Amino acid sequence: QVQLVESGGGLVQPGGSLRLSCAASGFTFSTTVMSWYRQAPGKERELVATIPIFGGRINYPDSVKGRFAISRDNAKNTVYLQMNNLKPEDTGVYYCKADRGSFGWWGQGTQVTVSS
């Protein structure tokens, strides 16, 4: 059974940092593309970052470029999202996603709220 469990969200002041984690199980993590998405209130879910299996360029939307960084630890079956210099517009539910061929799985999400 595939499971993706996000953690690390919470309330943070503008300019603060959070590190999100997504622990995966039920599939071969090391050969699976992993991504982070987010969904702000009233908006569509958007891609934040995708980390490929064997390294390579990682693209970020302009809204998070230079502030967010995705990484993975294949030994721990975990993907991370380091978020620095957080802004109120980063508020939303953050989801990790696993893509393996024609299959895709979502986590349940973790809430990030940036507010003073």
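The values are calculated or read from the model by the stated rules, or taken from the named source; none is laboratory data. In this text the structure is predicted, and so the values were computed from the model without any measurement. Using ideal geometry, Cβ is built from the backbone for each residue, glycine included, and neighbour counts are taken over all protein chains shown. For the accessible areas, the whole protein counts, side chains as well, though only heavy atoms, and no ligand, DNA or RNA atoms are used. Shrake-Rupley method; radii C 1.70, N 1.55, O 1.52, S 1.80 Å.
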Within the range 48-72, track down each residue that is open to solvent by 80 Å² or more (accessible area, probe 1.4 Å) and either touching a Cys at 6+ places or on another chain (Cβ under 6 Å) or modelled with pLDDT of 90 or more (or both).
62, 65, 66
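Please tell me if residue 60 is in contact with a Phe, Trp or Tyr (Cβ under 8 Å, 6 or more places away or on another chain) and outside any strand (DSSP E or B). Break it down stepwise before answering.
Working: in contact with a Phe, Trp or Tyr (Cβ under 8 Å, 6 or more places away or on another chain): yes; outside any strand (DSSP E or B): yes.
Considered against the rule, which asks whether it is in contact with a Phe, Trp or Tyr (Cβ under 8 Å, 6 or more places away or on another chain) and outside any strand (DSSP E or B), residue 60 comes out as yes.
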Of all residues in the range 21-68, count the ones that are in contact with a strand residue (DSSP E or B) (Cβ under 6 Å, 6 or more places away or on another chain), in contact (Cβ under 8 Å) with a residue 40 or more places away in the chain and within 18 Å of residue 111 (Cβ to Cβ).
10
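Say we look at the range 73-113 and pick out the residues that are part of a loop (DSSP other than H, G, I, E, B) and open to solvent by less than 20 Å² (accessible area, probe 1.4 Å); which of these is nearest to residue 25 (Cα to Cα)? Before you say what the answer is, go through the steps one by one.
At the first step, the residues of the range 73-113 found to be part of a loop (DSSP other than H, G, I, E, B) are 74-77, 84-87, 91, 101-102, 107-109.
Right, trim to open to solvent by less than 20 Å² (accessible area, probe 1.4 Å) and you get 86, 107, 109.
Numbers: 86: 29, 107: 11, 109: 16 Å.
Residue satisfying both the conditions and the ranking: 107.
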When residue 23 is evaluated against the numbered criteria (1) touching a Pro at 6+ places or on another chain (Cβ under 9 Å); (2) assigned to a strand (DSSP E or B), which criterion, by number, is the only one it fails?
(1)
